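Reviewing the structure listed below.
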Amino acid sequence: MTLLSVEHLSIDYLTGGAPIHALRDVSIKAEAGEILGIVGESGCGKSTLSLALAGLLPAAARQVGGALRFRDAPLDAARLRGREVAMVFQDPMTAFNPVLTIGRQLMDFGARRGVSRARAVEMLALTGIPSPEERFSAYPHELSGGMRQRVGLAAALMVEPSLLIADEPTTALDVTTEAQIIALFRDLRRDFGGAIIIVTHHLGVVAELCDRVVVMYAGEAVEEGPVDQIFHAPKHPYTRALLACDPARIAKSGGALPVIEGRVPSLAALPPGCSFAPRCPRKTDACETLGAERRVFAGGQSVFCREAT
């Protein structure tokens, strides 16, 4: 069942100068029971998309096109946030009020559903917090970054959401803690009946966790499909370049590290034609003048590139 549908979504930031086209004609779907990964370089629109889904866009943002639907009805994210939609934020260091105990904040998060102390302690235990009764009375500064990330996840799960959005859930964590968080999400995938969206730049996290993946570039969804297909048979030149730069795929040490030449274009002054053309080794004159076009391949792989094969 399709739980979330994003249809041709476009979002601009109005900052007094030229509009910043943060998202352009983005269409994605999230099915109940699956984990959807969203990847791309910094500045490609990943966080803007996640904030739009949670109804947390800043005042300068404007939705200039498209629609968001939840359970086949228009998504009122502000109304559903804390009921059906929950978000785990990127920085576990700043996600909590430093002068309130963890337990007090969890109880506040679950207030709409009348969550009991016993339920809050249970959620801490579910997310792997040791001695949850003791941690319930602790302050944020008394917890490690990994434990704060787990508490953030516990807070999101307190409302029993149908859609859980995790924005860079392993950023700034050490390798051991990252592996623990990945294992925790894997357990949630087994037990959680809704959809989970993982926003990350970490391809390893996507390979470990996700069923499908959307690759973002310069505010556009340039490739989408099952994780196995995207990782083993990428079609878009940008996806291929991203995978080539993944440290796990570098065969041996020594010599120059692979890079993607150039940089993401300014979203306030996009190039004519395909936005990836200035960096693309396969570009043609048509790419630079006519732009990209959507192509669909077997197995549900969708690519925004006229040269994709």
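Quick rundown of the values:
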| read-out | value |
| --- | --- |
| Filter pass, ARG240 being of a type in the set (D, E, K, R), part of a helix (DSSP H, G or I) and out of contact with any helix residue (DSSP H, G or I) (no Cβ under 7 Å at 6 or more places or on another chain) | yes |
| Region 68-95: number of residues that are closer than 18 Å to ASP108 by Cα, crowded, with 18+ Cβ neighbours inside 10 Å and out of contact with any Lys or Arg (no Cβ under 7 Å at 6 or more places or on another chain) | 8 |
| Set ARG69, ARG62: member being of a type outside the set (Val, Ile, Thr), in contact with an Asp or Glu (Cβ under 6 Å, 6 or more places away or on another chain) and in a strand (DSSP E or B) | ARG62 |
| Out of ILE28, ILE38, sole residue that is in the same structural domain as ALA292 (by TED's automatic domain parsing), touching a residue at least 12 places away in the same chain (Cβ under 8 Å), in a strand (DSSP E or B) and closer than 24 Å to GLN229 by Cα | ILE38 |
| Contacts under 8 angstrom Cβ, first residue in region 50-63 being loosely packed, with under 15 Cβ neighbours inside 10 Å, partner part of a loop (DSSP other than H, G, I, E, B) and small (Gly, Ala, Ser), 6 or more apart | none |
| Condition met for VAL205 (assigned by TED's automatic domain parsing to the domain that holds ALA241, assigned to a helix (DSSP H, G or I) and either among the small types (Gly, Ala, Ser) or modelled with pLDDT of 85 or more (or both)) | yes |
| Checklist (1) free of Cβ contacts under 8 Å to residues at least 24 places away in the same chain; (2) crowded, with 16+ Cβ neighbours inside 10 Å applied to ARG263, failing item | (2) |
| Answer residue from region 252-299, given it is of a type in the set (Gly, Ala, Ser), outside any loop (DSSP other than H, G, I, E, B) and in contact with a helix residue (DSSP H, G or I) (Cβ under 8 Å, 6 or more places away or on another chain) and is nearest to CYS44 (Cα to Cα) among those | ALA277 |
| Residue match in region 186-208 (condition: of a type in the set (S, T, N, Q) and within 28 Å of LEU80 (Cα to Cα)) | yes |
| Long-range neighbours under 7 Å by Cβ, at least six apart or interchain, first residue on the phi < 0 side of the Ramachandran plot and polar (S, T, N, Q) within region 70-96, second modelled with pLDDT of 85 or more and in a loop (DSSP other than H, G, I, E, B) | GLN90/GLU168 |
| GLU160 being at pLDDT below 85, within 19 Å of ALA77 (Cα to Cα) and surrounded by fewer than 21 Cβ atoms within 10 Å (Cβ to Cβ) | yes |
| Residue list for region 29-45, restricted to those being surrounded by fewer than 23 Cβ atoms within 10 Å (Cβ to Cβ) and more than 16 Å from VAL85 (Cα to Cα) | GLU41, SER42, GLY43 |
| Candidates ASP174, ASP108, ASP187 - the one that is of a type outside the set (Val, Ile, Thr), within 27 Å of ILE38 (Cα to Cα) and without any contact (Cβ under 8 Å) to a residue 12 or more places away in the chain | ASP187 |
| Residue satisfying condition, being buried (at least 21 other Cβ atoms within 10 Å of the Cβ) and free of Cβ contacts under 8 Å to residues at least 12 places away in the same chain, within set ALA277, ALA221 | ALA277 |
| Helices (runs of 4 or more DSSP H) within region 72-181 that include 3 or more residues under 17 Å from the mean Cα position of the chain (by Cα) | 145-157 |
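The values are calculated or read from the model by the stated rules, or taken from the named source; none is laboratory data. None of these values were measured; they are calculated from a predicted model. Positions of Cβ are backbone-derived with ideal geometry, glycine not excepted, and every protein chain shown enters the neighbour counts.
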